[in-house]
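Here the structure comes first, spelled out in structure tokens, and everything after it is commentary.
The values are calculated or read from the model by the stated rules, or taken from the named source; none is laboratory data. Every value quoted in this text rests on a predicted model; they were computed, and no experiment measured them. As a convention, Cβ positions derive from the backbone with ideal geometry for all residues, glycine included, and neighbour counts pool all protein chains shown. Only protein heavy atoms, including side chains, enter the accessible area calculation; ligands, DNA and RNA are left aside. Shrake-Rupley method; radii C 1.70, N 1.55, O 1.52, S 1.80 Å.
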Amino acid sequence: MLRRTLGKAVLAAPLAAPLAAPALAQGGPIEISFWHGLAQPLGGLLEEIATEFNASQPRFRVVSSFRGSYPETMVAAIAGFRSATAPHIVQMFEVGTGTMMAAGRAIKPLHELLRETGVTIPFDDYLPAVRGYYSLADGRMMAMPFNSSTAVMFYNKDAFRRAGLNPDVAPKTWAELRAAATRLKAANVEIPVTTAWPTWTQIEQMSAIHNTPLATLDNGFGGLNAELRINNPLMVRHINALMEMGREGTFRWGGRDAAGDALFANGSSGMVFASSGARARFVRELPGGIANLGVAMLPYYDDVQGAPINSIIGGAAFWAMNRGPNATRSADENRGIAEFFAYLAQTRVVANWHTATGFLPVTKAAFEQVKTTGFYTQNPGADIPIEQLLRGGGQMTGSSRGIRLGGFVEIRTAMQEEMERALQGQQTAQQAMDNSVTRGNVVLRNFERTNRG
């Protein structure tokens, strides 16, 4: 759906679309419209940053507004572009990256925006996993990273104590995790292990940290003709392991998307794979609070050569948009967008956003600044996501840089459905991965036909 709506469908909008009202307010600052998809309280914190930017200078005024969920925000931006009223900036989740990059003149690439305006942003200081996700193969940036996250494992320290496990030592490998899960089950922990975002944590992140391709052509970074490759021995082995744990009673399917978070937050589950951004909720809701919350890197199979390496990111980025098919931005408007992005890159802004929300500090300087404040000492585990992203010294591979597949929202849905059927005993792990590849490749070929050339 996203491919159809934002790809060539966007570009096919009538050239006679009416021009939007000029962004230059009469006698006042130049208005920069900013549509985002963060609900409260995160949306309010984001809008506070825009307000601070406005107060920092007199020339531009960023007008931010919540437009619903990420998909809803994407649909709204598409409609805006087709009617020549697109926002100057739109926030888009990471799975929409491939689709946005194929959106032609609907977006204005960040590297182009910065070159034309002369504004500079120190992207060399950004975490490699963050920078790589939103850049072309040659390193040119396409979007402005801001609220990034990654997947980690959270565990319940009190449950560990009841099972006779050391609450300060988390399982590092899948063999250790299965042994710990067995101990938790024996201690009557209702759900020893569960997961949120099942395809992101168990397929996409699993592939990355084991340096195993999710798709050909460096997970799609190399072109539109990439094909899924998740029916490989590692993934079949892993889905089999989850199926076995399900039969043993040590793993329970937590539901689609973020549903599994609740099973950990209410104390039912001993371990959960989740977004690092879930930390704030767990601190607030988990019985025992922060003292009971353990955080660890994703476990790995220690017989896979070279594993583990860095994980990949989630979250969202900010995209500069053109106003419409036949309506351009003024040089002043583009300057305002670039100035706002440069403000977002300031170490102080990045550090404050990280500590206030739980999202990653996307720059090394911000990470180092937060370290000096003692924040990580006072909030144990809050630095685990960054350390995991930097694992391997930031030397990413084609399998750990990220995922650049068109229509990936649809592909994720297909993978989730097939994985669910396997865990319900309706098919084998091999069938689940084979079916995911077949269905996902149909999406990729449709996207390629619509967006090539």
Q) Restricting attention to region 328-365, and to residues there that are of a type in the set (Lys, Arg) and within 29 Å of residue 276 (Cα to Cα), which single residue is most open to solvent (accessible area, probe 1.4 Å)? A) 348
Q) If you go through region 343-354 one residue at a time, do you hit one that is over 21 Å from residue 54 (Cβ atoms) and out of contact with any Gly (no Cβ under 7 Å at 6 or more places or on another chain)? A) yes
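Conditions tested, residue by residue: (1) outside any helix (DSSP H, G or I); (2) in contact (Cβ under 8 Å) with a residue 60 or more places away in the chain.
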{"residue": "366", "(1), (2)": "no, no"}
{"residue": "380", "(1), (2)": "yes, yes"}
{"residue": "399", "(1), (2)": "yes, yes"}
{"residue": "430", "(1), (2)": "no, yes"}
{"residue": "448", "(1), (2)": "no, yes"}
Q: Among the residues of region 41-52, count how many are surrounded by fewer than 18 Cβ atoms within 10 Å (Cβ to Cβ) and over 12 Å from residue 67 (Cα atoms).
A: 6
(Q) Tell me the residue from 453, 425 that is modelled with pLDDT of 95 or more and not in a helix (DSSP H, G or I), please. (A) 425
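Within region 38-66, take every residue that is farther than 22 Å from residue 334 by Cα and either aliphatic (A, V, I, L, M) or touching a helix residue (DSSP H, G or I) at 6+ places or on another chain (Cβ under 9 Å) (or both) and give me the one that is modelled with the highest pLDDT. Quick ask: steps written out before the conclusion?
First, pick out the residues of region 38-66 that are farther than 22 Å from residue 334 by Cα: 38-45.
Of the ones still in play, those that are also either aliphatic (A, V, I, L, M) or touching a helix residue (DSSP H, G or I) at 6+ places or on another chain (Cβ under 9 Å) (or both) are 38-39, 41-42, 45.
Values: 38: 88, 39: 83, 41: 79, 42: 84, 45: 92.
The extreme case among them is 45.
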Q: Among what's in region 52-69 and is of a type outside the set (Gly, Ala, Ser) and in contact with a Gly (Cβ under 9 Å, 6 or more places away or on another chain), pick the residue that is farthest from residue 33 (Cα to Cα).
A: 59
**Q.** Filter result (charged (D, E, K, R) and not in a loop (DSSP other than H, G, I, E, B)) within region 300-318
**A.** none
**Q.** Residue that is among the aliphatic types (A, V, I, L, M), within 20 Å of the chain's Cα centre (by Cα) and surrounded by fewer than 19 Cβ atoms within 10 Å (Cβ to Cβ), where the choices are 320, 258
**A.** 258
Q | Qualifying position, being hydroxyl-bearing (Ser, Thr, Tyr), more than 23 Å from residue 238 (Cβ to Cβ) and surrounded by fewer than 19 Cβ atoms within 10 Å (Cβ to Cβ), among 97, 85 | A | 85
Q.
Under 6 Å between Cβ atoms, which residue pairs at least 6 apart in sequence (or on different chains) link something in region 168-195 that is touching a residue at least 24 places away in the same chain (Cβ under 8 Å) with a partner that is part of a strand (DSSP E or B) and aliphatic (A, V, I, L, M)?
A. 170/296; 181/193; 193/271; 194/272
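Suppose we filter region 208-224 for residues that are in a loop (DSSP other than H, G, I, E, B), modelled with pLDDT of 95 or more and over 17 Å from residue 433 (Cβ atoms); how many remain?
Count: 1.
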(Q) Being open to solvent by 10 Å² or more (accessible area, probe 1.4 Å), assigned to a helix (DSSP H, G or I) and among the small types (Gly, Ala, Ser): is that true of residue 76 here? (A) yes
Q: Return yes or no: is residue 325 in contact with a Leu (Cβ under 8 Å, 6 or more places away or on another chain) and surrounded by 22 or more Cβ atoms within 10 Å (Cβ to Cβ)?
A: no
Q: Starting from residues that are open to solvent by 30 Å² or more (accessible area, probe 1.4 Å) and of a type in the set (Asp, Glu), keep the ones in region 165-222 and report whichever is nearest to residue 400 (Cα to Cα).
A: 218
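Mind telling me which of the residues 439, 412, 445 ends up being surrounded by 16 or more Cβ atoms within 10 Å (Cβ to Cβ), modelled with pLDDT of 95 or more and of a type in the set (Lys, Arg)?
The match here is 439.
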Q. Only one of 231, 240 is over 16 Å from residue 403 (Cβ atoms), open to solvent by 20 Å² or more (accessible area, probe 1.4 Å) and either part of a loop (DSSP other than H, G, I, E, B) or of a type in the set (Gly, Ala, Ser) (or both); which?
A. 231
Q. Is it true that residue 368 is surrounded by fewer than 20 Cβ atoms within 10 Å (Cβ to Cβ) and of a type in the set (D, E, K, R)?
A. yes
(Q) Against the condition closer than 24 Å to residue 97 by Cβ, under 18 Å from the mean Cα position of the chain (by Cα), of a type outside the set (A, V, I, L, M) and surrounded by fewer than 20 Cβ atoms within 10 Å (Cβ to Cβ), how does residue 392 come out, does it pass? (A) no
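Yes/no per residue for (1) closer than 27 Å to residue 398 by Cβ; (2) in contact with a helix residue (DSSP H, G or I) (Cβ under 9 Å, 6 or more places away or on another chain):
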site	(1), (2)
311	yes, yes
321	no, yes
330	no, no
343	no, yes
Q: Answer yes or no: is there a residue in region 437-449 that is over 17 Å from the mean Cα position of the chain (by Cα) and aromatic (Phe, Trp, Tyr).
A: yes
